[in-house]
Amino acid sequence: MNTIRVRFAPSPTGFLHIGGARTALFSWLFARHHKGVFVLRIEDTDEKRSTLPAVKAIMEGMSWLGLDWDEGPKIGEQDLEFKGESQGDYGPYFQTQRLDIYRKYAEQLINQKKAYRCYCLPEELEQKRKEASKKGLPPKYDRQCRHLTSREEEKKKEEGKKPVIRFCMPDGGKTEINDLVKGKVVFENSLLDDFVILKSSGVATYNFAVVVDDAMMKISHIIRGDDHLSNTPRQILLYQALGWELPQFAHVPMILGADKTRLSKRHGATALGEYKEKGFLPEAMINYLALLGWSTEDSQQIFSSEELINKFSLDGCGRSSAIFDQDKLLWMNGEYIREMGIDELTEKSFKWLREAGLVNGALNWDKVSAEKKEKIKKAVGLEHEKIKLLSEVPSLVDYMLKEEIEYDSRAVEKTLKKENVIEILESIKDSLKELEDFSISGLEEGVRDFCLKKELKTGKVFHPLRVATSGRMQGPGLFALLEFLGKEKVVKRIEESILLLGGSK
Ligand code: GLU
Ligand code: ZN
């Protein structure tokens, strides 16, 4: 069997977005599942909108997800001196470095009378479109230049007109796609027009460049979003005109927002990088993206990368659109975080801990003192179950790690500004000062005894104690929290809260 060769072919006009990342992932999974080759090709023929930063952003996004490519732009010191070099036997992998190849095949088609030069000016074409629409006809090019005599062509050339090259669309017949996801899809050729394959600037259009490249790069399977389905008959006709073997096509359904419209900014973050910034884990992201249009028969939800590679198949890709569900993604990220060991979780949260000023200004995790590391890990451990995003870590633990805390005004209102609270805090403080065993169990015993002796309901003591020592109403178990803070800090914070309430030390 021939080697499976799959490509991801983004246009570098912006960041890698959710839809692009999903297409890249499906192509990568398919290649890896079949032990094939995964190619990254940069479709930068849109001279105005393509940028190098976008190329880098795409490569970084893919690298973050772990989608490595066997052929394509060279990876390595991209940021230092990224010159658009490629690696692989079928390069270059930047379309702007392949313009001569497209020109060669365009000429070939002209010689075979399967394409022709069109000298019509944009204004003339616009005029024709208007007239056609007045008559209620589809705005198809009228093929005026298809049969120019060589003398007529000479004349146009002398007038200095720069032609585009158009493909000769067959007059009738149908073009059939046997799509691996959509099944059989049939297009009437008569509805397609003599589309441009080479612009007057000499640059190939998408439909032409993609065919030449996929054929030259020996791509066996084209996996992409079904927004390209309508381009496929044009591409198939080009393969046939050039006498090339067809690849297999697999068009995966678009990703929609919860309101069933195409996923866009309105639905929240669409750039992959924003998810990274928010503290999503790449392994959770991959898992979630894989389920956008693919599933197993038993509807398994959590997959490691290895498992995805083993289980992925185009048969598992559905025909209906996938809905992007932020809540499910967040849930999944939480699942991955829960499974993660504290060492790893803390280290991965370093960037956010640092931004929140919780690591004494250390530049990386290794520079944090062993003692501090232990403190941070213990604090993170107390809240592990609750964490859904790495970026949430600081706000869940900062009051445990900082010297000074801020009192949440709602917590103060609801819990501290109540009858007798100052007295209760005064006496529990004294009692805790005397407590010898400041462990979780020792604390629990001590505080419960205190409630019994004072004939107070536990809530009357537990809640104020929590707010007094943490400034907030939520947190880990009260006794675990008190143990973590230690006697000195607990006493100090209770005193502070009493002052805050207008009492005295
Ligand atoms: N450059 C095209 C895009 O980003 C690629 C489409 C394809 O995969 O053929 O939409
Ligand atoms: Zn023309």
**Prompt:** Quick one: how many residues across the stretch 248-277 are in contact with a strand residue (DSSP E or B) (Cβ under 6 Å, 6 or more places away or on another chain) and among the aromatic types (Phe, Trp, Tyr)?
**Reply:** 1
**Request:** Would you mind stating whether residue 323 is of a type in the set (Val, Ile, Thr) and under 21 Å from residue 223 (Cβ atoms)?
**Result:** yes
**Prompt:** residue 208 passes all but one of (1) over 16 Å from residue 234 (Cβ atoms); (2) buried (at least 19 other Cβ atoms within 10 Å of the Cβ); which number fails?
**Reply:** (1)
**Test result for residue 248, of a type outside the set (A, V, I, L, M, F, W, C), in contact (Cβ under 8 Å) with a residue 12 or more places away in the chain and surrounded by fewer than 18 Cβ atoms within 10 Å (Cβ to Cβ)** = yes
**Request:** Would you check which residues across the stretch 160-192 are surrounded by fewer than 14 Cβ atoms within 10 Å (Cβ to Cβ), charged (D, E, K, R) and either within 23 Å of residue 251 (Cα to Cα) or without any contact (Cβ under 8 Å) to a residue 12 or more places away in the chain (or both) and list them?
**Result:** 174, 176, 184, 188
**Prompt:** Any idea how many residues of the stretch 1-40 are touching a strand residue (DSSP E or B) at 6+ places or on another chain (Cβ under 9 Å), more than 29 Å from residue 257 (Cβ to Cβ) and either within 16 Å of ligand 2 (Cβ to nearest atom) or in a loop (DSSP other than H, G, I, E, B) (or both)?
**Reply:** 4
**Prompt:** Is it the case that some residue within the stretch 49-63 is within 15 Å of ligand 1 (Cβ to nearest atom), touching a helix residue (DSSP H, G or I) at 6+ places or on another chain (Cβ under 8 Å), modelled with pLDDT of 95 or more and not in a helix (DSSP H, G or I)?
**Reply:** no
**Asked** In this structure, does residue 156 turn out to be exposed (fewer than 15 other Cβ atoms within 10 Å of the Cβ), under 28 Å from residue 46 (Cα atoms) and in contact (Cβ under 8 Å) with a residue 24 or more places away in the chain?
**Response** no
**Message:** Pairs please, first residue from the stretch 351-368 and at positive phi, second anywhere and not basic (Lys, Arg), Cβ atoms under 8 Å, 6+ apart in sequence or on different chains.
**Reply:** 360/368; 360/369
**Request:** Pull up the stretch 132-152, narrow it to residues that are surrounded by 12 or more Cβ atoms within 10 Å (Cβ to Cβ) and not in a loop (DSSP other than H, G, I, E, B), then point me to the one that is farthest from ligand 2 (Cβ to nearest atom).
**Result:** 132
**Leading residue by the ranking (farthest from the chain's Cα centre (by Cα)) among those in the stretch 111-131 that are part of a loop (DSSP other than H, G, I, E, B), away from ligand 2 (no atom under 14 Å from the Cβ) and surrounded by 11 or more Cβ atoms within 10 Å (Cβ to Cβ)** = 112
**Prompt:** Where in the stretch 257-339 are there helices (runs of 4 or more DSSP H), lying fully within it, with 2 or more residues that are farther than 23 Å from residue 54 by Cα?
**Reply:** 282-290, 305-311, 326-339
**Request:** Starting from residues that are touching a His at 6+ places or on another chain (Cβ under 9 Å) and closer than 17 Å to residue 304 by Cα, keep the ones in the stretch 318-344 and report whichever is surrounded by the most Cβ atoms within 10 Å (Cβ to Cβ).
**Result:** 337
**Request:** Working carefully through the options 211, 185, find the one that is in a helix (DSSP H, G or I) and either over 21 Å from residue 22 (Cα atoms) or within 16 Å of ligand 2 (Cβ to nearest atom) (or both).
**Result:** 211
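The values are calculated or read from the model by the stated rules, or taken from the named source; none is laboratory data. The model shown is predicted, which means the values in this text are computed figures rather than measured ones. Using ideal geometry, Cβ is built from the backbone for each residue, glycine included, and neighbour counts are taken over all protein chains shown.
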